[in-house]
Amino acid sequence: MSNLRFDNQAVVVTGAGGGLGKAYAVFFASRGANVVVNDLGGSHKGEGHSAKAADVVVNEIKAAGGKAVANYDSVENGDAIIETAIKNFGRIDILINNAGILRDVSFKNMKDADWDLINSVHTYGAYKCARAAWPYFRKQKFGRIINTASAAGLFGNFGQTNYSAAKLGQVGFTETLAKEGVKYNIIANVIAPIAASRMTATVMPPDILEHLKPEWIVPLVAVLVHSSNTTETGGIYEVGGGHVSKLRWERSKGALLKPDASLTPGAIARKWEDVYDFSQPEYPTGTANFMSLLEHSLKLGPAPA
Ligand code: NAD
């Protein structure tokens, strides 16, 4: 970390008026980057807007001798955010898709507005910012993206169906961006952070929160977006409170049945142990992994009646 610099690079951090986003923005500016501090400045439920959140962070960065400019657009208007980087710094190198809100409510009481707003900010917003940066990344054969998922998306969490859907969506989004970007040195990774912020202030006790500083998320992100990282892409990381780990998909050994009329519910029931047998796991990394399984099942005889 001590020698990772970002001189002359332009970094866009969305939702940088507080929490994790502010920690990223302050860090990148302290390491020589030109930073776009984007923040809509609304409540954690996505109500209202204000220039204050972004302005305070920009002023703090400038007071410390760094370079930063504010942008107050919603991430749903990603073009304007990336345009702020181009206009002020002439380039965009790194995009940290971090902005987020919550609309927690049990599924029974979920309203369309709760679902739509969460998906608009997290899914559409991350798409719009990445889509606007993409042509610049491709042209300069350099781009780094961090998307932000959540343990709620990876594992599910009561009262967060909207947020969980949007956050796991960030995983698939990242995995495909990584595949499409690899030819152009565009690296995309996704993190599921845990940190003290206004988002977690009411759901975790203070003595736990004091160990979960947003600053403890920054080092992993810095390593992943630095130009020295040319291989780690499409990764899913859990990070917080000093813990950093990588997640991957695991497929059980699985039942193999010939795909013909012998493939009945009874045939699957008889092979059920194989379905959940993780003693011989595979770690699939692409859709093509399925083809080798199909080849195996086609070679089988019919399932016994
Ligand atoms: P936070 O509320 O402190 O920061 C989010 C920021 O995003 C706020 O400053 C807010 O004004 C801004 N924002 C919200 N909607 C916006 C929009 N439409 N356009 C631009 N800016 C917008 O919360 P945080 O904890 O720092 O969260 C940062 C990210 O990390 C979020 O995506 C969140 O879902 C994710 N996350 C956080 C945790 C955690 O433990 N804090 C856990 C899992 C995921």
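Of note:
- Near pairs, Cβ below 8 angstrom, 6+ apart or cross-chain, from region 193-205 (free of Cβ contacts under 8 Å to residues at least 24 places away in the same chain and among the hydroxyl-bearing types (Ser, Thr, Tyr)) to any residue that is part of a loop (DSSP other than H, G, I, E, B) and more than 6 Å from the ligand (Cβ to nearest atom): Thr200/Leu212
A quick yes/no check of all residues on (1) of a type in the set (Gly, Ala, Ser); (2) farther than 30 Å from Ile86 by Cα:
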| residue | (1), (2) |
| --- | --- |
| Gly143 | yes, no |
| Asn147 | no, no |
| Gly159 | yes, yes |
| Ser164 | yes, yes |
| Lys167 | no, no |
| Glu175 | no, no |
| Lys179 | no, no |
| Ile186 | no, no |
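- Within region 130-170, tally of residues that are assigned to a helix (DSSP H, G or I) and of a type in the set (D, E, K, R): 4
- Those residues of region 133-163 which are of a type in the set (Ser, Thr, Tyr), surrounded by 21 or more Cβ atoms within 10 Å (Cβ to Cβ) and either away from the ligand (no atom under 11 Å from the Cβ) or within 12 Å of the chain's Cα centre (by Cα) (or both), in sequence order: Thr148, Ser150
- Where a residue in region 161-185 is without any contact (Cβ under 8 Å) to a residue 60 or more places away in the chain and its partner, wherever it lies, is more than 12 Å from the ligand (Cβ to nearest atom) and aromatic (Phe, Trp, Tyr), with Cβ under 6 Å and at least six apart: Thr161/Phe107; Asn162/Trp115; Asn185/Phe142
- When region 1-23 is filtered for residues that are surrounded by 24 or more Cβ atoms within 10 Å (Cβ to Cβ) and of a type in the set (S, T, N, Q), only Thr14 remains.
- Wholly enclosed helices (runs of 4 or more DSSP H) of region 1-91 bearing at least 2 residues aliphatic (A, V, I, L, M) and under 18 Å from Ile146 (Cα atoms): 19-30, 78-89
- Residues that are in contact with a Lys or Arg (Cβ under 8 Å, 6 or more places away or on another chain) and of a type in the set (A, V, I, L, M) occur in region 286-300; there is at least one.
- Which listed residue is of a type in the set (D, E, K, R) and more than 16 Å from the ligand (Cβ to nearest atom), from Glu210, Glu180, Glu238: Glu180
- Residues in region 11-68 that are on the phi > 0 side of the Ramachandran plot, within 9 Å of the ligand (Cβ to nearest atom) and without any contact (Cβ under 8 Å) to a residue 60 or more places away in the chain: Gly41 alone.
- None of Ser245, Ser279, Ser252 is away from the ligand (no atom under 12 Å from the Cβ), among the polar types (S, T, N, Q) and without any contact (Cβ under 8 Å) to a residue 24 or more places away in the chain except Ser245.
- Matching residues, region 109-129, being in a helix (DSSP H, G or I) and away from the ligand (no atom under 14 Å from the Cβ): Asn109, Asp112, Ala113, Asp114, Trp115
- Qualifying residue in region 95-106 (condition: within 10 Å of the ligand (Cβ to nearest atom), modelled with pLDDT of 95 or more and hydroxyl-bearing (Ser, Thr, Tyr)): no
- Members of region 179-215 found to be in a helix (DSSP H, G or I) and farther than 26 Å from Gly242 by Cα, listed by number: Lys179, Glu180, Gly181, Val182, Lys183, Tyr184
The values are calculated or read from the model by the stated rules, or taken from the named source; none is laboratory data. These numbers come from a predicted model, not from an experiment. Virtual Cβ from ideal backbone geometry, glycine too; neighbours counted across all protein chains shown.
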